[in-house]
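Colleague: Quick one: the structure is below, questions incoming.
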Amino acid sequence: MIDESAAGPERGGAPAHDAAPARGGVDDGLRAELVRGWVALVGDTPAALAQGAELITRWAEPHRRYHTLTHLAAVLTAIDDLTTEPTEPTEPTEPTEPTEPTEPTEPTEPTVPGEGDLAAVRLAAWFHDAIYDGRPGWDEERSAQLAQARLPRCGVPTGGVAETARLVRLTAAHDTLRPGDRDGAILCDADLAVLAGPGYDAYARAIRQEYAHVPDAAFAEGRSAVLRRLLATPALYRTPRARDLWEERARANMTAELRTLQDG
């Protein structure tokens, strides 16, 4: 998660839960959309429905400002953006004579770019900030443990549970991603898609609110250090599609925020 270094030396402290009015809630339409996506992912057994409800409750906790259901929905949408093959318009063709029906063929493996275990990627998105107390590293570890404890009862196979937990842990520090880790690259890029968004200023304000307990000078120092580190990397995003979609705009947004922090 990009906020892990938003704070300065005191970043390990708990967020100031009463620093601002509760803003974790979202409209019923977004909740319904998320529920539909969850059911499509894990099914509608009583255990699965109960787990989906628990996750939505967690993501809507009142102390959250950025790590809300809106962020969850944005990450899931970004995953779709990165794993959906762009379609090119085709020229209309002349009608042809009907042909004899052919025997059905066996289904083939999907050829979506970067596909490994997309179900695990989406499950990891659901769990990656399911526990959020403003304790970088510890939050992700507890969220991974939550996935390991809850997903088996939803019928997720052992391998899928393990992959989901591994991916959740990756979001604690995106620079631990190994070369060739397609699932990890998709999740990490989706988590950082906000850096390129038109709502970047609102995102930065929300991060500051989540760390309202950190003094301004310490926050500016810590946040600036992270922005410099990210801007110094050859590429913010690991997948070619994310670089095409977001790299240029993300760098412009981060450079502007860094300038604001430096100007005080």
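Colleague: Using the Cα centre as the reference, give the magnitude of the dipole from point charges on the C-beta atoms of the range 131-230 (Lys, Arg: +1; Asp, Glu: -1; all else neutral), rounded to the nearest 20 debye. Please report the intermediate quantities before stating the final value.
Modeller: Values: 13 positive and 14 negative charges, 31 e Å.
Charge dipole, the range 131-230, about its Cα centre: 160 debye, nearest 20.
Colleague: Take the Cα radius of gyration of the range 112-178 and divide it by 2.2 N^0.38 Å, with N its residue count; two decimals is plenty.
Modeller: Cα-based Rg divided by the globular estimate yields 1.07.
Colleague: Could you state the principal axis extents of the C-alpha atoms in the range 160-226, from the largest down, to the nearest angstrom?
Modeller: Result for the range 160-226: principal-axis Cα extents of 41, 25, 21 Å.
Colleague: Take every Cα pair under 8 Å in the range 181-264 that's 6+ residues apart, average their separations, divide by the length, and report that relative contact order as a whole percent.
Modeller: 46
Colleague: Considering only protein heavy atoms, what is the solvent-accessible area of Glu221 at a probe of 1.4 Å, reported in Å² to the nearest 10?
Modeller: Counting only protein heavy atoms, Glu221 exposes about 120 Å² to solvent.
Colleague: For the range 118-187, with all protein chains present and a 1.4 Å probe, just round the carbon and sulfur fraction of the accessible area to a whole percent.
Modeller: The C+S portion of the solvent-accessible surface of the range 118-187 is 53 percent.
Colleague: Where the centroid of each part is defined by its Cα atoms, how far is the range 28-84 from the range 136-167 in Å?
Modeller: What the calculation gives is 15 Å, centre to centre.
Colleague: Work out the FRET efficiency for Leu231 and Ala173 from their Cβ-Cβ distance, taking R0 = 22 Å, and round it to the nearest 0.05.
Modeller: 0.85
Colleague: Taking only the alpha-carbon positions of the range 38-85 and ignoring solvent, what does the Debye formula give for the base-10 log of I(q)/I(0) at q = 0.31, 0.32 Å⁻¹?
Modeller: -1.04, -1.06
Colleague: Moving to a separate point now. Take the Cβ-Cβ distance between Arg205 and Thr158 as r, set R0 to 41 Å, and report the resulting FRET efficiency rounded to the nearest 0.05.
Modeller: 0.50
Colleague: If the viscosity is 1.002 mPa s and the temperature 20 °C, what translational diffusion coefficient in µm²/s does Stokes-Einstein give for the range 138-252 when Rh comes from Kirkwood over Cα pairs?
Modeller: Rounded to a whole number, D works out at 134 µm²/s.
Colleague: To continue, here is another question. Given 0.36 nm per residue, what is the gain on full extension from Thr260 to Ala149 after removing their alpha carbon distance, in nm? Before the final figure, lay out the partial values.
Modeller: Working: separation 111, 0.36 × 111 = 39.96 nm, distance 4.28 nm.
Length gained, Thr260 through Ala149: 35.7 nm.
Colleague: Given Thr164, Pro152, Ala196, which one lies farthest toward the positive end of the charge dipole of the range 125-213, if we put +1 on the Cβ of every Lys and Arg and -1 on the Cβ of every Asp and Glu?
Modeller: Pro152
Colleague: Hey, another quick one. How much accessible area does Arg122 have with a 1.4 Å probe, in Å² rounded to the nearest 10?
Modeller: Ignoring ligands and nucleic acids, Arg122 comes out at about 70 Å².
The values are calculated or read from the model by the stated rules, or taken from the named source; none is laboratory data. Computed from a predicted model, the values in this text were never measured in an experiment. Every residue, glycine among them, receives a Cβ derived from its backbone with ideal geometry; neighbour counts consider all protein chains shown. Quick note on the areas: whole protein, heavy atoms, side chains included, nothing else; ligands and nucleic acids left out. Shrake-Rupley method; radii C 1.70, N 1.55, O 1.52, S 1.80 Å.
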